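The values are calculated or read from the model by the stated rules, or taken from the named source; none is laboratory data. Here the structure is a predicted model, which means the values were calculated and not measured. Neighbour counts run over all protein chains shown; Cβ positions are idealised from the backbone, glycine included. Each accessible area value is taken on the protein alone, full model and side chains, heavy atoms only, with ligands, DNA and RNA left out. Shrake-Rupley method; radii C 1.70, N 1.55, O 1.52, S 1.80 Å.
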Amino acid sequence: MSKVKNAAALRRSLFLVGAIALVTLSFATFHEVVKLQQGVDQPLYYSSRLEETGRMAREAGELFDYAEQYARGSDQYSYDDVMLALDIFWSRVNSINTRSYTEAFGDKDIDSVLVPELAKALPSFDDAVRSLESGNTASYEPLYDLKVKFSERLGKLAEFAWSRRTQMQTHLAATNLNILSRIQHIQVGFVAIIVLFLSYVVSQLLITRRLNTKLHNLVEEKSTLLLTDPLTQIANRDGFEKYVNQLSAFEKPDFSIVLMDLDGFKEVNDALGHSVGDRLLKDVACILSSQSADEGLACRFGGDEFALVVPGSLNAAEACAEHIRAQVEALTLGQEYPIRFSISAGICHWSSLSGDCTIDEILSCADFSLYSAKEMGKNRIVIFQASMQEQYASRKLIHSLLPVAIAEQKIDVHFQPIVDLTKGRAIFALEALIRWNISEGHPIETKKLIEVAETNGQIKALTCLVLRRALRLSKRLHDNNLTLNIAVNFSALLLSDPNLASEMTAILEEERVEETNIVLELSKYEEMEGNSVSNRNLIALSKMGFNFSIDDFGCTSSNIRTLLAVEDIRFKLAEDIVRDVVVSNTARELLRGLVSFISAFDAMIVAGGVDQEEQAQIVQDVGIRYAQGDCFYSALTEDAAFDLVANQ
């Protein structure tokens, strides 16, 4: 009897323990589900606010685009279209200028005054739009000033909003996964007491499974979004890395990375607007997707940079890349945009790298191949070779050390005299030349240094450093009653910067220069954009007292129509032409032809790279008055150049 009582007591105890455990587990499950719901609502609410902030930048761009086209007299947009775009933008600014949007950003480092400034500037937008006249481009100036003031800031705010929204979605997905993991652990507890509460556990299990399915679907959907580029709907950088990690896990990986970049995409965006640029990106993504439909993966890293993962041999990747290049070259956007497009590509096969390489390493090699394709004239494919690794390592080292060298003033500037051949080779001017030793006994080639500066965004800082040194020497000479021009290499790509004129004015004021005597030697002028910003910068710099010279004339295609509108333009002949005049009749005839051509503009000619006496004599015989090279003087330090000029 006592055993029965003990067993009953044991069953009651077990039942009580099971009941308590069941209640505890049920409460825990309910608590996790509530946390899940609470964790989803607010991020989704903020996410929608951030998405509307991104729309504000696009709507501003449409307003500026519609207004510009209308002012140019285009039939594409009417005045009503411009007013409608203004109304939409006006409404968006007012809706975003609220506390809920500020909370959504949650970052003190953003441009927090932009939206209030836009709200205050809305009447100015209205006045600017109402002053528009079809066919009168001058009527667009007020709105263009607003575009210059706000467009870049709007773009940065939109980028921040998108980044913030992506972070929220990533955090939300991670949180949901953690909650799901905890719920799955709770299920183990249900199984442990299934003997005591079989019917209850079964019902709870069914409910939990339904919840798990919904949560799993939600997580899968979010995961897919995180691995997909929202514009083109192909894989993004994270999706690319996930796929490559899967391929590289094989014992003998056999695949290639094809890194591609549209040629001149920035010009398409600037000339035709971002909507046309987005359309082009989508078309290119479709071409890539068609090539990776059966196997491989098409990706967009951002901007106009794409990647293609091609399983199999290097030859297969090269054939695939060539097919894409041909399709892009044949791509059109219809009769309304009769523009030809091209794409450059760099390819690296996994086997091209020794040892166990990382994704970043193979990407870097593909990127170097892409850079080589751009340098070789674009619209071509370059395959990575092992011999390129040393060049890449050197370029990477320069890339990492250059910003620090500029900031710490470790870049030296020397000055090479330019002589007047008709006056006993008297010094006529100086040219500022960059000199940089990464370490003792390891000078960096100037051309390579400038190429890296142009690719990593340091060209403006480097140019300003050289310009300041040249201005100081010019002021030093002027203070000693010595006046002569100093030439400074100046990338014509900088002319498209809307802030260039104000920054150059600030430099002149800081250096306290009254008379510049500076000649800007324009390089990369064959890629110069003949837009209103470049034209205004040319005129502004000319008014500041800067003169202009076309550098390396005769070795690249020329875009000098805009430059010829500037007074006192000069031409500096490419060193390659002068170097060959002693041994090549063709080079001498080319030199005479260039002199004849330039003489028609009544412009000054300087022959560069004159390193031999025979070259100097030929240059003088064809009618060139000014020359520069080691035949006369090598590059000198600032003090040595000053002493030389002072004592001549």
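As an exercise: evaluate Leu314 against (1) surrounded by 19 or more Cβ atoms within 10 Å (Cβ to Cβ); (2) out of contact with any Gly (no Cβ under 6 Å at 6 or more places or on another chain); (3) under 21 Å from Gln233 (Cα atoms) and give the number of the one condition it does not meet.
(3)
Within region 602-631, which residues are more than 12 Å from Arg588 (Cα to Cα) and among the hydrophobic types (A, V, I, L, M, F, W, C)?
Selection gives Ala603, Met604, Ile605, Val606, Ala607, Val610, Ala616, Ile624, Ala627, Cys631.
Please find, within region 505-533, the residue that is nearest to Lys543 (Cα to Cα) out of those that are open to solvent by less than 30 Å² (accessible area, probe 1.4 Å), at pLDDT below 85 and in a helix (DSSP H, G or I).
Looking at residues that are open to solvent by less than 30 Å² (accessible area, probe 1.4 Å), at pLDDT below 85 and in a helix (DSSP H, G or I), I get Val533.
For (1) modelled with pLDDT of 85 or more; (2) basic (Lys, Arg), each residue gets a yes or a no:
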site: Ser584; (1), (2): no, no
site: Leu590; (1), (2): yes, no
site: Arg625; (1), (2): yes, yes
site: Asp630; (1), (2): yes, no
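Here is a check on your reading of the model: is Val419 among the hydrophobic types (A, V, I, L, M, F, W, C), touching a strand residue (DSSP E or B) at 6+ places or on another chain (Cβ under 8 Å) and open to solvent by less than 70 Å² (accessible area, probe 1.4 Å)?
Working: among the hydrophobic types (A, V, I, L, M, F, W, C): yes; touching a strand residue (DSSP E or B) at 6+ places or on another chain (Cβ under 8 Å): yes; open to solvent by less than 70 Å² (accessible area, probe 1.4 Å): yes.
Answer is yes for this residue.
When you scan region 218-308 for helices (runs of 4 or more DSSP H) that lie fully inside it, which ones turn up with 1 or more residues that are within 23 Å of the chain's Cα centre (by Cα), within 29 Å of Leu494 (Cα to Cα) and at pLDDT 85 or above? Walk me through it before giving the result.
Numbers: elements: 237-248, 265-272, 274-291.
Here the list reads 274-291.
Residue pairs, Cβ under 9 Å, 6 or more apart or interchain, first in region 580-599 and closer than 21 Å to Ile550 by Cβ, second outside any loop (DSSP other than H, G, I, E, B) and of a type in the set (Asp, Glu). List them.
Val581/Glu614; Ala587/Asp576
Would you mind finding the one in Ala470, Ala487, Ala492, Ala453 that is free of Cβ contacts under 8 Å to residues at least 60 places away in the same chain, more than 29 Å from the chain's Cα centre (by Cα) and open to solvent by less than 50 Å² (accessible area, probe 1.4 Å)?
On the way: Ala487 fails: free of Cβ contacts under 8 Å to residues at least 60 places away in the same chain; Ala492 fails: more than 29 Å from the chain's Cα centre (by Cα); Ala453 fails: more than 29 Å from the chain's Cα centre (by Cα).
Just a single option satisfies the conditions, and that option is Ala470.
Being of a type in the set (A, V, I, L, M) and either surrounded by fewer than 13 Cβ atoms within 10 Å (Cβ to Cβ) or free of Cβ contacts under 8 Å to residues at least 60 places away in the same chain (or both) is the filter here, so list the residues in region 218-259 that pass it.
If we filter region 218-259 for residues that are of a type in the set (A, V, I, L, M), which is where we start, we get 218-219, 225-227, 231, 234-235, 244, 247, 249, 257-259.
Result: Leu218, Val219, Leu225, Leu227, Ala249.
When the residues of region 580-593 are filtered to those that are of a type in the set (A, V, I, L, M, F, W, C) and in contact with a helix residue (DSSP H, G or I) (Cβ under 7 Å, 6 or more places away or on another chain), which remaining residue is farthest from Val519 (Cα to Cα)? Full working, then the answer.
Step one: of region 580-593, the residues of a type in the set (A, V, I, L, M, F, W, C) are 581-583, 587, 590-591.
Subsequent filtering for residues that are in contact with a helix residue (DSSP H, G or I) (Cβ under 7 Å, 6 or more places away or on another chain) retains 581-582, 587, 590-591.
Numbers: Val581: 27, Val582: 29, Ala587: 27, Leu590: 26, Leu591: 23 Å.
Ranking the candidates gives Val582 first.
Whether any residue in region 157-170 is exposed (fewer than 15 other Cβ atoms within 10 Å of the Cβ), closer than 28 Å to Asp497 by Cβ and of a type outside the set (Asp, Glu) is what I want to check.
Checked region 157-170: at least one residue is exposed (fewer than 15 other Cβ atoms within 10 Å of the Cβ), closer than 28 Å to Asp497 by Cβ and of a type outside the set (Asp, Glu).
When residues of region 569-604 are filtered for being among the β-branched types (Val, Ile, Thr), within 36 Å of the chain's Cα centre (by Cα) and either loosely packed, with under 15 Cβ neighbours inside 10 Å or in a strand (DSSP E or B) (or both), how many remain? Quick ask: steps written out before the conclusion?
Of the residues in region 569-604, the ones among the β-branched types (Val, Ile, Thr) are 569, 577-578, 581-583, 586, 595, 598.
Subsequent filtering for residues that are within 36 Å of the chain's Cα centre (by Cα) retains 569, 577.
Going one step further and asking which of them are either loosely packed, with under 15 Cβ neighbours inside 10 Å or in a strand (DSSP E or B) (or both), we end up with 569.
Residues that pass the stated criteria total 1.
Would region 335-345 turn up any residue that is under 24 Å from Asn245 (Cβ atoms) and within 21 Å of the chain's Cα centre (by Cα)?
Yes: one or more hits.
Quick check on region 384-392. Is at least one of its residues among the aliphatic types (A, V, I, L, M) and under 30 Å from Val619 (Cβ atoms)?
As a first pass, look at region 384-392 and keep what is among the aliphatic types (A, V, I, L, M): 386, 388.
Of the ones still in play, those that are also under 30 Å from Val619 (Cβ atoms) are none.
Checked region 384-392: no residue is among the aliphatic types (A, V, I, L, M) and under 30 Å from Val619 (Cβ atoms).
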